[in-house]
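Asker: Let me give you the structure first, and then I'll get to my questions.
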Amino acid sequence: MASLTVGVCRERGPGDRLVAVLPASVRELRALGANVGVERGAGQGLGIADEAYLSAGADVVPREEILTGTDIVVALRPPGPVAGSGFRRGQVLVTLVTRLGSPLSAPFTARTWCDAGLTVFGPDLVPETEAGAAARPLDVTTSLEELAGYKAALLAADLLDRPLPAGGTPALPARAARAVVVGRGHGARRAERVLRALGAEVRPTDGPPSGLRHSDIVIASVRPGIPHRPRVLVTARALEAMRPGAVIVDMTAGEEGGSVEGVRPETVRRMGQGVTVVGGGRLAERLPRTASAACARHVLALIRRIAPAGKLDFDPAEPALSAVLVTHGGLMFQEHLWRSIVEQTAAAGVP
C-alpha cells in the first residue's frame, strides 16, 4: 500500500484551462509509490475526461478530499479552503505563488499558510541567477515564458498590417518589418528568435525602447519582481508617436498594470493613432496542452526530490529546494516575500 498520497486540484480561476498533472504523469507518480487523487473535472479545460485519469491509476474524488486527505496538494493557482474544512498541519502544497499577482494577491495568504503549518513550494520562484541553477529542473516560470514568447511573436506577426520578411515584390515589401523586443529573459529571447525566423529585423533592449516611431512591432517581456507591478516602459505619449497599423504585445499585462501605459489584461485594443495593443499576460495558456505538460514535468521533478522513496523526506536547506520553499514548520522563507508581506501588513495596521 502506498504511504504517500498526492492530490491534484482542478483549476477554478477565470479562463483557467491548464492542469498540473496529466494522465501520463499519474503513471509516473504511481511508479514513485504514490496514490494519486484527481479532482473531478480537472482535465476538462484540455478535453481530458475523468476516465483518462482513472485508466492511468488515479482516483477521481471531490475537492474536499484533495485538500484534507492528501499529503501533497498540487494546484497551479493556490486553492482556497473548502467550507467546513481546511488544510492540515504538515501538509505540502505545490503551487505557483506569483500567479495571483502581488505577494499572493492578499498579503495575508502566506501568513495563513505559516499559521496552518503548511509546507509550501513555489516552482515559479526559481531566480534567473546563478543561485537558481540547482533548481532549474523545477523551474516552471522559464518554461511558461518560453511558450509565451513564442506565442507573442506569432500573435504580433498575425496582427501586423504588413508581412514581416522583405522581398522587393508586390507581395513582399522592400524593407523587412522592424521589431523591438524589450527584456532579456527567456520569453524575450524566444520572441526574438521566432521574429527573426519569420524575416523581421529585431532590435533587443533592456530598458525603455527608443525609436518607436519607426517600429512595426514591440514585444514587452520584462519579468516583474514581487510584488507584481510591471514598470511602464511604453508611455501613452510614445504610443501616440507610433505609426497606425503597428502592434505591441505586452507579455507583462495583468491586474496590476503592464509595461504599456493603459494596457488591459487579455484584451486586444486599438490605442494611440491606431496601434494594436495586446494585453498578453497569459499567453502560454493559449497553448494549454503544451503548457500543462511543461508544468507537470516540473511538478514531478519537485515531488521526486521531496518524496524520493514514496514518502516525504527532504532537507529544506538543499539548494534546489530552498530556492522554491515558501513556508515550512511555521516559518516564512523567501526573503523578498516576507519583507513585502511585513510592509503591507504594517501599512494596514495589522500586527
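The values are calculated or read from the model by the stated rules, or taken from the named source; none is laboratory data. Since the model is a prediction, treat every value here as computed from it, not as a measurement. Reconstructed Cβ throughout: ideal geometry from the backbone, glycine too, with neighbour counts over all protein chains shown. Heavy atoms of the whole protein, side chains included, go into the accessibility calculation; ligands, DNA and RNA do not. Shrake-Rupley method; radii C 1.70, N 1.55, O 1.52, S 1.80 Å.
Asker: Please specify each residue of segment 178-193 satisfying the condition of being assigned to a loop (DSSP other than H, G, I, E, B) and touching a helix residue (DSSP H, G or I) at 6+ places or on another chain (Cβ under 8 Å). Talk me through it step by step, then tell me what you get.
Answerer: Initial filter on segment 178-193 (assigned to a loop (DSSP other than H, G, I, E, B)): 183-185.
185 - this is the single residue of segment 178-193 that is assigned to a loop (DSSP other than H, G, I, E, B) and touching a helix residue (DSSP H, G or I) at 6+ places or on another chain (Cβ under 8 Å).
Asker: Something else now. When you go through (1) touching a Gly at 6+ places or on another chain (Cβ under 9 Å); (2) open to solvent by 40 Å² or more (accessible area, probe 1.4 Å) one by one for residue 281, which number turns out not to apply?
Answerer: If we test residue 281 against (1) touching a Gly at 6+ places or on another chain (Cβ under 9 Å); (2) open to solvent by 40 Å² or more (accessible area, probe 1.4 Å), just (2) comes out false.
Asker: Let me ask you something else. Within segment 305-337, restricting attention to residues that are surrounded by fewer than 19 Cβ atoms within 10 Å (Cβ to Cβ) and within 21 Å of the chain's Cα centre (by Cα), which residue is modelled with the highest pLDDT?
Answerer: 322
Asker: Can you tell which of 47, 57, 33 is more than 18 Å from residue 118 (Cβ to Cβ) and without any contact (Cβ under 8 Å) to a residue 24 or more places away in the chain? Steps first, answer last, please.
Answerer: Values: 57 fails: without any contact (Cβ under 8 Å) to a residue 24 or more places away in the chain; 33 fails: without any contact (Cβ under 8 Å) to a residue 24 or more places away in the chain.
From the options 47, 57, 33, the qualifying one is 47.
Conditions (1) more than 21 Å from the chain's Cα centre (by Cα); (2) not in a helix (DSSP H, G or I), marked per residue:
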| site | (1), (2) |
| --- | --- |
| 237 | yes, no |
| 244 | yes, yes |
| 248 | no, yes |
| 270 | yes, yes |
| 284 | no, no |
| 303 | no, no |
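Asker: Would you mind finding the one in 276, 252 that is at pLDDT 95 or above, in contact with a Gly (Cβ under 9 Å, 6 or more places away or on another chain) and among the hydroxyl-bearing types (Ser, Thr, Tyr)? Steps first, answer last, please.
Answerer: On the way: 252 fails: at pLDDT 95 or above.
Checking each option against the conditions leaves just 276.
Asker: Okay, next question. On the basis of being crowded, with 22+ Cβ neighbours inside 10 Å and out of contact with any strand residue (DSSP E or B) (no Cβ under 9 Å at 6 or more places or on another chain), does residue 179 make the cut?
Answerer: Values: crowded, with 22+ Cβ neighbours inside 10 Å: yes; out of contact with any strand residue (DSSP E or B) (no Cβ under 9 Å at 6 or more places or on another chain): no.
So residue 179 fails the test.
Asker: Sticking with this one: Being at pLDDT 90 or above and under 24 Å from the mean Cα position of the chain (by Cα), is that true of even one residue in segment 170-181?
Answerer: Taking every residue of segment 170-181 in turn, at least one turns out to be at pLDDT 90 or above and under 24 Å from the mean Cα position of the chain (by Cα).
Asker: Still on this structure, please answer the following. Quick one: how many residues across segment 125-173 are outside any helix (DSSP H, G or I), surrounded by fewer than 21 Cβ atoms within 10 Å (Cβ to Cβ) and of a type in the set (Asp, Glu)? Before the answer, list the steps.
Answerer: Start the filter on segment 125-173 by keeping residues that are outside any helix (DSSP H, G or I), which leaves 125-129, 139, 160-173.
With surrounded by fewer than 21 Cβ atoms within 10 Å (Cβ to Cβ) added as a condition, the list becomes 127-129, 160-163, 165-173.
Applying the additional criterion that residues be of a type in the set (Asp, Glu) yields 128, 161.
Within segment 125-173, residues that are outside any helix (DSSP H, G or I), surrounded by fewer than 21 Cβ atoms within 10 Å (Cβ to Cβ) and of a type in the set (Asp, Glu) number 2.
Asker: While we're on this one: Can you name every one of the strands (runs of 3 or more DSSP E) wholly within segment 1-64 that holds 2 or more residues which are surrounded by fewer than 17 Cβ atoms within 10 Å (Cβ to Cβ) and among the charged types (D, E, K, R)?
Answerer: Numbers: elements: 4-8, 34-39, 59-61.
Filter on segment 1-64 gives an empty set.
Asker: Now for a separate question. Which one is modelled with the lowest pLDDT, of the residues in segment 338-351 that are in contact with a helix residue (DSSP H, G or I) (Cβ under 8 Å, 6 or more places away or on another chain) and open to solvent by less than 40 Å² (accessible area, probe 1.4 Å)?
Answerer: 345
Asker: Let me ask another. What single numbered condition from (1) open to solvent by 20 Å² or more (accessible area, probe 1.4 Å); (2) over 23 Å from residue 290 (Cα atoms); (3) at pLDDT below 95 fails to hold for residue 67?
Answerer: (1)
Asker: Something else: Go through 162, 190 for me and flag whichever is under 30 Å from residue 19 (Cβ atoms) and either touching a residue at least 12 places away in the same chain (Cβ under 8 Å) or under 24 Å from the mean Cα position of the chain (by Cα) (or both).
Answerer: Details: 162 fails: under 30 Å from residue 19 (Cβ atoms).
Being under 30 Å from residue 19 (Cβ atoms) and either touching a residue at least 12 places away in the same chain (Cβ under 8 Å) or under 24 Å from the mean Cα position of the chain (by Cα) (or both) holds for just one of 162, 190, which is 190.
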